[in-house]
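Reading through the structure tokens given below for one structure.
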Amino acid sequence: MVGDGDRKELTRRGDVLATKRREYDEDDVRVRPGKSSRPRTRTRPRHEDAVDGLVIAVDRGRYTCVLPDAGPDAPLVTAMRARELGRKSVVVGDRVGLVGDTSGAAGALARIVRIAERSSVLRRTADDDENTAEGRLERVVVANADQLVIVSALADPPPRTGFIDRCLVAAYDADIEPLLCLTKADLAGPEQVLGYYAELELPYVLVRPDSDLDALRDLLAGRVSVLVGHSGVGKSTLVNRLVPDADRAVGVVSAIGRGRHTSTSAVALRLPPRPGGDTDPGWIVDTPGVRSFGLAHVSADSLLHGFPDLVEGTVDCPVNCPHTADEAGCALDAWVAAGKADARRLASYRRLLASRSGEGDAREPDQRNPGDPLAGS
Ligand SMILES: Nc1nc2c(ncn2[C@@H]2O[C@H](COP(=O)(O)OP(=O)(O)O)[C@@H](O)[C@H]2O)c(=O)[nH]1
Ligand SMILES: [Mg+2]
């Protein structure tokens, strides 16, 4: 069912969609007649026989789907989008209606005829600056996610709160719950990072090579969780521990994607059943190609929602206060001076504000904040 939510999104993003590369649809498999010869009002079948599918991978116009009603061992179904979907994109996590050959047999191709209304939409922009073409190119990363798992190492590489702050903004903007997953807890303690987020009640788990991951699995159960993290933080190690046959699953998906490895896009992986548990273990979505979240699509107001520890501090700001450092009337400086929030959090918020308006400091985070090992994105 395509609900109101989808239509609103289409309208709001109309100008963005126009700049997107056109996606393949079923018409691409045959010679396309002249556009004007196609009657616009043709009555289309209603597809009452469509079966429910969950999109777990996308590669060049081919969508890999599982049929949730068919059980965990049912074959994967390859599908392409039906023309009647129009320009609406289909992404990992989408719940879709499938018709055609849904047997999953080799060479079988189904068609996606509808996209269910999305409960959440995690987006990113290619970069921060909404004044550039790249900055306006907004991408939906994952649909229907419940949780954003921000994977950060405690050492090697050191934690980057700038990156975590960015992820928090993306999570709050998408209405997805954040979870901080701190890896390499055998190498360093979490005190510094947790101190920085002390005002936030941010849920977190610590991971080390010998930890049993039960606390994490508890938090993943029954949900669709997206994992993001810089390279080297141990994300692949974690994914492989959570889903021991992840490599095989991703291999199957990439074979369906006609040989090219899908490592740049998101892949949903079903978590294995837990011993003795009959509850849904949940899904994780690995995002190998997502190195950060460009935030050009997030308004300055929404940006503040990534900093709930600062929100109350803006109550005394003048109307339409931009909250920038050069704004003398901004109440956030007094808020921090009174000890209500960490000065580094305000600095991080203002860095994001500045990078959104194209005034970002192009220097590497390390050079920018020599005194603050936690900063940077
Ligand atoms: N000490 C320690 N090393 C880890 C841990 N998790 C991963 N590593 C190591 O960190 C390196 C990067 O891990 P990888 O999973 O490839 O990171 P990814 O780039 O985020 O996918 C590898 O050498 C791992 O063995 C951990 O909890 N503790
Ligand atoms: Mg990796």
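Bear in mind that the values in this text are calculations on the coordinates, not laboratory data. The structure displayed is predicted, hence computed values, not measured ones. Quick reminder, even Gly has a Cβ in these numbers, built from the backbone with ideal geometry, and neighbours come from all protein chains shown.
Once the chain from residue 109 to residue 214 is taken as fully extended at 0.36 nm per residue, the excess over their C-alpha distance is 33.9 nm.
Can you tell me which of 316-323, 117-124, 71-78, 89-96 comes out highest on packing, and rank the rest after it, using the mean Cβ neighbours within 10 Å? List each step's numbers first, then the result.
Numbers: 316-323: 12.8, 117-124: 20.1, 71-78: 15.1, 89-96: 22.8.
Descending packing order for the listed peptides: 89-96, 117-124, 71-78, 316-323.
Can you figure out the FRET efficiency of residue 69 with residue 299, using R₀ = 35 Å and their beta-carbon distance, to the nearest 0.05?
The computed FRET efficiency comes out at 0.35.
By how many nm would the segment from residue 248 to residue 194 lengthen if fully extended, with 0.36 nm per residue of separation less the alpha-carbon distance?
Residue separation times 0.36 nm, minus the Cα-Cα distance, leaves 15.9 nm.
Count the net charge of all other residues whose Cβ sits under 12 Å from the Cβ of residue 341, scoring Lys and Arg as +1 and Asp and Glu as -1.
Values: positive: 340, 344, 345; negative: 199, 309, 312, 333, 342.
Taking every Cβ under 12 Å from that of residue 341, the sum is -2.
For the pair segment 315-357 / segment 179-238, the C-alpha centres are spaced 29 Å from each other.
Looking only at Cα atoms, what is the convex hull volume of segment 121-286 per residue, in Å³? Please report the intermediate quantities before stating the final value.
Numbers: hull volume 22.0 nm³, N = 166.
Dividing the Cα hull volume of segment 121-286 by its residue count gives 133 Å³.
Using the alpha-carbon positions of segment 46-198, Rg (one decimal) and Dmax (whole number) come out as 19.3, 58 Å. As a proxy for reagent exposure, 265, 225, 231 were ordered by neighbouring Cβ count within 10 angstrom, fewest first; the result is 231, 265, 225.
Once the other residues with Cβ under 12 Å from the Cβ of residue 183 are scored (Lys, Arg +1; Asp, Glu -1), what is the net sum? Spell out each step's value before the answer.
On the way: positive: 184, 208, 235, 241; negative: 156, 186.
In short, +2.
Placing a pseudo-label 7 Å from each Cα along the Cα-to-Cβ vector at residue 324 and residue 347 gives an inter-label distance of 2.0 nm.
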